[in-house]
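S.K.: Input: one structure, supplied below.
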Amino acid sequence: MAHDDYPESVLEVLDDNLRFKPSVLKVMRSFQKSRPWSGSLEERKEKFIKLNRVLSAIYGVAEPRLAFGTINGNSSGTSYYRPSTHEIVVEGRLSVVTYLHEFSHARAMGEREACRWSINLFRQVFPRQFERLVHRGHMLIRPEDL
């Protein structure tokens, strides 16, 4: 994936007209109701693994392997998608928007499109959490992490 086509800002990719498949919204709302930030680390990982499986089926893509690096509460900014092994690696924190961003790469999206899709889907399904986040370039960051 090219890394030079990131948007300059989150505002660049916000799009009130972007539509998602009803089945995606349904699974994302179910994921939201599961409270992905609650439970033990293993329980939380399982919520992401299930989401990964279902989104892959909805979009008709081979399910990427979802691996977890060091989950220590730090920034998830070092998370990545590795195309050669079709693997998403989540690092730092179990971040919904970061997972969605990396999943979009598994769907063959470039950086700008991945930011647009992941940020808008997150904003639609998690509006309160979205409003709490600070925009830093193309990323959404918790205020306490600044």
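S.K.: State whether segment 57-146 is rounded, prolate or oblate according to the following rule on the C-alpha gyration tensor (a ≥ b ≥ c being the square roots of its eigenvalues): a/c under 1.5 gives rounded; otherwise a/b larger than b/c gives prolate, and the remaining case gives oblate.
M.R.: The shape class here is oblate.
S.K.: Let me know the charge dipole size of segment 22-145 about its Cα centre in debye, to the nearest 20, where only the beta-carbon of Lys, Arg (+1) and Asp, Glu (-1) is charged.
M.R.: Here the size comes out at about 420 debye.
S.K.: Now for a different question. Relative contact order for segment 31-146: what percent, with Cα pairs under 8 Å and sequence separation of 6 or more?
M.R.: 17 percent
S.K.: So which residue, out of 104, 95, 40, gets the largest mean-square fluctuation from a GNM of the chain using Cα contacts under 10 Å as springs?
M.R.: 40
S.K.: Related question: What is segment 86-128 by shape, rounded, prolate or oblate, if you read a ≥ b ≥ c off the alpha carbon gyration tensor as root eigenvalues and call it rounded for a/c under 1.5, prolate for a/b larger than b/c, and oblate otherwise?
M.R.: oblate
S.K.: Taking every DSSP beta bridge with both residues inside the chain, roughly what % is antiparallel (nearest 5)?
M.R.: Taking every DSSP beta bridge with both residues in the chain, the antiparallel ones total about 55 percent.
Where a number appears in this text, it was derived from the coordinates with a stated rule and is not lab data. Here the structure is a predicted model, which is why all the values come from computation and not from measurement. Please note: Cβ atoms are built from the backbone with ideal geometry, for glycine as well, and neighbour counts cover all protein chains shown.
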